[in-house]
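A quick write-up on the structure given underneath.
Values quoted throughout were computed directly from the atomic coordinates according to the rules given, and no laboratory measurement underlies them. The model shown is predicted, which means the values in this text are computed figures rather than measured ones. Here the Cβ positions follow ideal geometry from the backbone for every residue, glycine too, while neighbour counts run over all protein chains shown.
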Amino acid sequence: MSDLSKAPPGSTAHLDLDTPESQIQTYLHHGPAPPQDEKTYLDANELVLNMGPQHPSTHGVLRVILRLDGEKVLGTECIIGYLHRGVEKIAENRTYTMFNPYVDRMDYVAAISNGLGYCEAVEKLLNVQAPPRAQYIRVILAELNRLASHMLWLGTHALDIGAITPLFYTFRDREEILKIFEKYCGARLTTHAFRIGGCQYETYDGFEQDVIKFLKFVRPKIDEYEELLTTNRIWVERTRGVGVLSAADAIDFGVTGPVLRASGVQWDLRKAQPYAAYAQFDFEVPVGRNGDTYDRYIVRIAELRQSLRIIEQAVGAIPEGPIMGKVPKIMRPPVGEVYHSIEAPKGELGYFIVSDGSTQPWRVRVRPPSFVNLQALDKMVRGALVADVVAVIGTIDIVLGEVDR
Amino acid sequence: MADEKNDRLNPHPEKPGEAQRTGEDAPTLEQWTGATSSPQPMPQGGQAPATASPAPHPGATPLKPEEKETPKPAAHAPSKPAGPASQPWEDELVARLRARFGSGVREAGSYLGQNYLVLDPSIAYQSLALIHDEEEFEYLVDVTAVHYPERESPFEVVWILYSFAKNQRIRVKACYTEAEAAPSVVSLWATANWLEREVFDMFGIRFDGHPDLRRILLPDGWQGHPLRKDYGIIQQDQEWVKINLGIESGQ
């Protein structure tokens, strides 16, 4: 690149990450403003590149402004909020029961986990417990949902990097999970399967058989994904050593879920602070070593297998009994506040609910794992190549519905 | 709409007549009909007057409006289920904080098994730094806020912290007025950056020492902070919508 002391007309070189949005807008509409001093022109080798919000590899409406030196990323800035629907404000204007379906629309590929977290948080506030049968059903569905979420992640992530085949494989297998959801509660994506105090529906005839059949079906499929990718030269080259996040950085950035575990921190809320019926099942928490994109892939594949293990133990042992606990028809939790979090497929999903004793919550705060994890993107891609940004956005596994809420 | 809004601004309305209807203490059919708690005197001779039990046709509903009133006292006797009371929280961490800051630690309690601290706003940063540096709370789970418009310091900022070593979660709270700024903890936990920006965006609470305090979810030019209680559910920045979207209203 030639060393330009002054930016030529039409160049965006004088815009950088510190440029206020208003100036960028002015520039886009009216062209460059006359320079006020020499400092206005930064290093002529720097280029500001806008990525998204309409870009297939950003997994939704995420806009990233990249500051580049050639192919090298000097810094990034995420612009989010395109899907902001004010979920927390809506919660304050709905009763506890009425808000339940809204949580499905946050992380819409893991709606079951959202509902589980919300219902358990309100149950804690009401001081009631879901009966054991409901808890087993919840665990089975939540783990099936974790499988579905990880499968969707794997297919799209591999597609971003250039491997098209896994997308068809994972969507084919995820379909079987959605069929079970549909048979159980009538919906495939935004399931609204749970109620505060238990489950809405009893399992249908043949539920257990369907789940067992699915386990048998999917076990060899996970090996198939691994055959396609784990030792694939291109896959390894594109992911190993890319987007490295050390354990200390991961904790500092509050990153949770598979991203944290791939950095070598063996922490899973299902083990650390067991909820639902997780204390009764035997499973391991897979961890990575290097905290790179490859390790995050390995950790999620291992989690698929652990989820199968949990479902296998749970489905044969669903206790008999009621599926709804004793909850009042009109819920008025006593004045107080509670924070409850669960291990969603993407990390720690927390609900902080403040009750003023009325039928509507005074405040509902959702602690979204995608939002917090996305913040570490800048740390992970500094110094990497542009193509790696795509890989790293994919590996964090964000859902913009949850980032923006 | 206006009444409802007022209601929401008053968080603890004492409505004496309003009984807590729960699954457990819902009045039974007998109570509703006054069969058991009827104040009517028993007629002499133990024989009911013919009018009291006229044996109407079986399909007739036994609920009469005036009889509905009678069981009310019985129904709301066990009124609101007084939730589990907040217990005092005594711990080495609390003791150390009390030794350092004295009465700056306003309250240390435990509700539903979850520990929380209420701090004086002036010592919030020092306490959080101490909790981070010396007490191994290396993971900041969340920063959020709650708006209580009727209070003197209406904005309660909540920091949720977790310690991997102790497997313990605590909540630290401090209240601020409109004019005061909360301390930024970005220097302690990098994750606070976006979380504080979101609190600023939604509540308008400023964080002193934040490197880049801008809106994050709403557009930069937006007026108002939607999670405040005086911001209506369908309210929006009309001017912003008109200028930027070219439409009259987003509704």
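Separation of the stretch A:147-224 from the stretch B:161-199 is 37 Å, based on Cα centroids.
What is the helix-to-structure angle for A:207-229, meaning the angle in degrees between its Cα long axis and the longest Cα principal axis of chain A, kept from 0 to 90 and rounded to the nearest 10? Tilt of helix A:207-229: around 30 degrees. Taking label positions 7 Å along the Cα-Cβ direction at both A:Arg309 and B:Phe164, the computed distance is 2.1 nm, reported to one decimal.
Its DSSP H runs of at least 4 residues, each contributing -39,500 (n - 2.57), put the calculated 222 nm mean residue ellipticity of chain A at -14000 deg cm²/dmol, to the nearest 500.
Peptide A:94-105 is shielded by partner chain Cβ atoms: per residue, an average of 0 of them sit within 10 Å of its Cβ.
Would you mind checking the pairs A:Lys89/A:Lys346; A:Lys271/B:Lys166; A:Lys216/A:Lys271; A:Lys179/A:Lys213 and listing those with alpha carbons more than 19 angstrom apart?
Working: A:Lys89/A:Lys346 23 Å; A:Lys271/B:Lys166 14 Å; A:Lys216/A:Lys271 26 Å; A:Lys179/A:Lys213 12 Å.
Those over the limit are A:Lys89/A:Lys346; A:Lys216/A:Lys271.
Once the chain from A:Tyr108 to A:Ala317 is taken as fully extended at 0.36 nm per residue, the excess over their C-alpha distance is 72.3 nm. Per residue of A:84-91, other chain Cβ atoms within 10 Å of the residue Cβ number 4 on average.
Counts of other chain beta carbons within 10 angstrom of each beta carbon in peptide A:361-367 average 5.
When the square roots of the Cα gyration tensor eigenvalues are ordered a ≥ b ≥ c, the ratio a/c for the stretch A:119-162 is 1.5 or more and a/b does not exceed b/c, which makes its shape oblate. Between B:Val141 and B:Ile160, B:Leu161, B:Tyr162, the built amide H atoms are under 5 Å apart, and every one of these is 5 or more places off in sequence or on another chain. Tell me the label-point distance for the pair A:Phe217, A:Met324, using the 7 Å Cα-to-Cβ offset, in nm and rounded to one decimal. Output for this residue pair reads 3.1 nm.
Does the stretch A:122-267 classify as rounded, prolate or oblate by the C-alpha gyration tensor (a ≥ b ≥ c root eigenvalues; a/c under 1.5 gives rounded; else a/b over b/c gives prolate, otherwise oblate)? Before the final figure, lay out each step's value.
Values: a/c = 2.72, a/b = 1.38, b/c = 1.97.
It comes out oblate by the Cα gyration axes.
For chain A, the longest principal axis of the alpha carbon atoms and the long axis of helix A:165-185 meet at an angle near 40°.
The angle separating the long axis of helix A:21-30 from the principal Cα axis of greatest extent in chain A is about 50 degrees.
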